[in-house]
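J.: Here it is, the structure, as structure tokens.
The values are calculated or read from the model by the stated rules, or taken from the named source; none is laboratory data. Everything numeric here is computed off the predicted structure, so don't read it as measured data. FYI the Cβ positions are ideal-geometry reconstructions off the backbone, even for glycines, and counts take in every protein chain you see. We work out accessible area using only protein heavy atoms, side chains counted, and drop any ligands, DNA or RNA first. Shrake-Rupley method; radii C 1.70, N 1.55, O 1.52, S 1.80 Å.
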Amino acid sequence: MATGYLEILRARHATRLLVGTLVGRLPNATAAIAIVLFVRAEGGTYSLAGVLAAVYGVANAVGQPVLGRLVDLRGQPRVQLPAAVLSALAMAVFAFVGTEPAVAAYAAVAAAGLFTPPLEGGLRALWSSVLHKEDHVHRAYAMDAVAQEVMFTVGPLLVTVCASLWSAQAALLVLNVIGVLGALSVVVSPPSRAWRSAPREAHWLGALRSPGLLALLGAFLFVGIALGSITVAAVPYADEHGGDAVYGWLMAGVGLGALIGGTAYGARQWSGEPARRLQVLVALLALGYLPLTLMPGAVAMTALTVVAGLFLAPVIACAFVLVDRHAPRGTVTEAFSWLVTTFTVGASVGTGLTGPVVEEGGALWGFAVPGAAGGVSLLVLVATWRVLAAPAGRAVVAARSENDPNRAVEPRFSSGDRA
């Protein structure tokens, strides 16, 4: 297992790109908790903090595919670095202005979310030019999914450490400066500077004109709902079984499960149709959520959250392969950014949906939501099997400038036009 991952990390530029992307995404991964801590430090209410965090999330969901399309059109350095700087400057304005006047706070937070650079999609577009082997690219996707779990675990810890050592304002500023440095490390690298998207056919829908991608996004909306719902359902359970410490252990359990599952998934080479494999993985993900409704004691419940998280990273990694396959020519960064957006929106819907469910039926019904959402995701995948199962000859060809196998010109568009 370790040998396979080390082989990837030893590839030239691979470690730099992975670490730089993770560091560059720290402001995004920690934005919600950093905003909440800052608003509370400024004397604002939890309601205001929640609304500002939601504004950031919505703006981020809008900005990712838009900036992803610009990356495909203009290249990574010309979009990623200016976007990172603008996002950091907007968050700095928020840090210095505070919550009054409210209009300025909302505008600054929205701008910070809107200009968050699409580093995730950019990294996945670069893997093929760095690794040159299809199985290595697929393993890198799994490693990428695992690294995300580490970042989303370590990131909030960094925020709280910065806030306790200095202040919540300092945490906002420091993490965004670090994020700009991470983005800079990526965009000045030779693979990022050399990468060019394949010529694209003009279409206002961009990546969304792919039926396969639309089917995948529909399924992933419900995967996001499942994950978002757990974060809310765990709150009343923790209140009855030990408070905040138990809640922290439950969330850590989900992350640990994803870490274990993603590491194991990426350690082997998978054969067969990835669309069928994704169905199996989503089915296992949904089944893994069901035991949470048993709600045993805190220790056993933490173990169950580990089980619930086992198949999350493998599902994400397998989805990356299908995005790779179904992205129309010249839209790979945009396509990956749409996956990020869909997952983010789904998680937000999950948190919003589970709140009323928990109020009416308690933690038990709250924990039923992720299993139900996982089941709906599976139904979407089964219903769209014909579109997701790519025909032969569309596998990833690693040694080219873009992870985009769909090289045929669409007859209804002029090949000289660009979207």
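J.: Select from the stretch 31-75 the residues that are of a type in the set (Val, Ile, Thr) and assigned to a helix (DSSP H, G or I) and list them in ascending order.
T.: Scanning the stretch 31-75 gives Ile33, Ile35, Val36, Val39, Val51, Val55, Val58, Val62, Val66, Val71.
J.: Taking the stated definitions as given, is Leu294 of a type in the set (A, V, I, L, M), closer than 24 Å to Leu339 by Cα and open to solvent by 10 Å² or more (accessible area, probe 1.4 Å)?
T.: For Leu294, the condition - of a type in the set (A, V, I, L, M), closer than 24 Å to Leu339 by Cα and open to solvent by 10 Å² or more (accessible area, probe 1.4 Å) - is not met.
J.: If you check Leu70, Leu114, Leu89, which single one turns out to be without any contact (Cβ under 8 Å) to a residue 60 or more places away in the chain, surrounded by fewer than 23 Cβ atoms within 10 Å (Cβ to Cβ) and within 18 Å of the chain's Cα centre (by Cα)?
T.: Answer to the selection: Leu114.
J.: Out of (1) in a helix (DSSP H, G or I); (2) more than 28 Å from Pro356 (Cα to Cα), the odd one out for Pro328 is which?
T.: Evaluating Pro328 over (1) in a helix (DSSP H, G or I); (2) more than 28 Å from Pro356 (Cα to Cα) leaves (1) as the failure.
J.: Also: Kindly check whether there is at least one residue in the stretch 51-60 that is of a type in the set (Gly, Ala, Ser), closer than 24 Å to Ser164 by Cβ and either open to solvent by 60 Å² or more (accessible area, probe 1.4 Å) or over 18 Å from the mean Cα position of the chain (by Cα) (or both).
T.: Checking the stretch 51-60: not a single residue is of a type in the set (Gly, Ala, Ser), closer than 24 Å to Ser164 by Cβ and either open to solvent by 60 Å² or more (accessible area, probe 1.4 Å) or over 18 Å from the mean Cα position of the chain (by Cα) (or both).
J.: Also: So which residues in the stretch 138-196 are within 14 Å of Gly24 (Cβ to Cβ) and among the acidic types (Asp, Glu), if there are any at all?
T.: Asp144
J.: Yes or no: Ala41 open to solvent by 10 Å² or more (accessible area, probe 1.4 Å) and over 21 Å from Leu119 (Cβ atoms)?
T.: Yes; evaluated as a whole, the condition is true for this residue.
J.: If we scan the stretch 305-314, do we find a residue that is outside any helix (DSSP H, G or I), surrounded by 23 or more Cβ atoms within 10 Å (Cβ to Cβ) and aromatic (Phe, Trp, Tyr)?
T.: Within the stretch 305-314 (the criterion being outside any helix (DSSP H, G or I), surrounded by 23 or more Cβ atoms within 10 Å (Cβ to Cβ) and aromatic (Phe, Trp, Tyr)), the answer is yes, since at least one residue qualifies.
J.: Oh, and also: Between residues in the stretch 184-199 that are more than 12 Å from Ala125 (Cβ to Cβ) and residues that are open to solvent by 70 Å² or more (accessible area, probe 1.4 Å) and at pLDDT 90 or above, which pairs lie under 9 Å by C-beta distance while being six or more apart or on different chains?
T.: Ser185/Arg16; Ser185/Val19; Val187/Arg78; Val187/Arg193; Ser189/Arg16
J.: Here's another thing I want to ask about it. Yes or no: the stretch 11-20 includes at least one residue that is of a type in the set (Ser, Thr, Tyr), at negative phi, open to solvent by 40 Å² or more (accessible area, probe 1.4 Å) and not in a loop (DSSP other than H, G, I, E, B).
T.: yes
J.: Which one is farthest from Thr342 (Cα to Cα), of the residues in the stretch 112-142 that are assigned to a helix (DSSP H, G or I) and among the hydroxyl-bearing types (Ser, Thr, Tyr)?
T.: Ser129
Matching residues to (1) among the polar types (S, T, N, Q); (2) surrounded by 22 or more Cβ atoms within 10 Å (Cβ to Cβ):
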residue: Ala317; (1), (2): no, yes
residue: Val323; (1), (2): no, yes
residue: Thr331; (1), (2): yes, yes
residue: Glu334; (1), (2): no, yes
residue: Thr342; (1), (2): yes, yes
residue: Val349; (1), (2): no, no
residue: Gly352; (1), (2): no, no
residue: Val357; (1), (2): no, no
residue: Ala363; (1), (2): no, yes
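J.: Follow-up. Select, from Ala267, Ala300, Ala252, the only residue that is under 20 Å from the mean Cα position of the chain (by Cα), surrounded by fewer than 19 Cβ atoms within 10 Å (Cβ to Cβ) and over 23 Å from Thr342 (Cα atoms).
T.: The unique qualifying residue is Ala252.
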